[in-house]
Amino acid sequence: MNTVTYSIPNISCGHCVHTIKSELIELPGVRAVEADMALKTATITYDAPADEESIKSLLKEINYPASE
Ligand SMILES: [Cu+2]
């Protein structure tokens, strides 16, 4: 089990948080998603087949790219 936290500048309201959580949880291997509106971060707990690459590519696809 792996956990990563990304900074996501596009998070601006509760709708963003909901979108990120509901989209990411659909990705095979993702076990848990928390997103914080105030901090503009998302914390994702995952196992294979999910990996950082697939998570970041999904975030980009839904227009919430992780900044690094
Ligand atoms: Cu929003």
On a 0 to 90 degree scale, rounded to 10, what angle separates helix 52-61 from the longest Cα axis of the chain? 40
Please express the shape of the chain as an equivalent ellipsoid: the semi-axes are the square roots of 5 times the eigenvalues of the C-alpha gyration tensor, given largest first in whole angstrom. 18, 11, 11
Helix 14-24: angle to the longest alpha-carbon principal axis of the chain, degrees 0 to 90, nearest 10? 10
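With +1 assigned to the C-beta of every Lys and Arg and -1 to the C-beta of every Asp and Glu, and no other charges, what is the dipole magnitude of the chain about the Cα centre in debye, to the nearest 20? Could the numbers behind the result be given before it?
Numbers: 5 positive and 10 negative charges, 41 e Å.
Dipole of the chain, to the nearest 20 debye: 200 debye.
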Relative contact order (%) - the chain, alpha-carbon pairs under 8 angstrom, separation at least six: 42
Leaving out ligands, DNA and RNA but keeping every protein chain, what accessible area does S7 have, in Å² rounded to the nearest 10, with a 1.4 Å probe? 50
S54 paired with V4, simple spin-label distance in nm, labels 7 Å along Cα-to-beta-carbon: 1.2
Taking only protein heavy atoms and a 1.4 Å probe, the highest-to-lowest accessible-area order of T41, T5 is T5, T41
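The values are calculated or read from the model by the stated rules, or taken from the named source; none is laboratory data. It should be emphasised that the depicted structure is a prediction, and the values quoted were computed from it without experimental measurement. All Cβ positions, even for glycine, are placed from backbone atoms using ideal geometry, and neighbour counts span all protein chains on display. Accessible surface areas use protein heavy atoms only, side chains included; no ligands, DNA or RNA. Shrake-Rupley method; radii C 1.70, N 1.55, O 1.52, S 1.80 Å.
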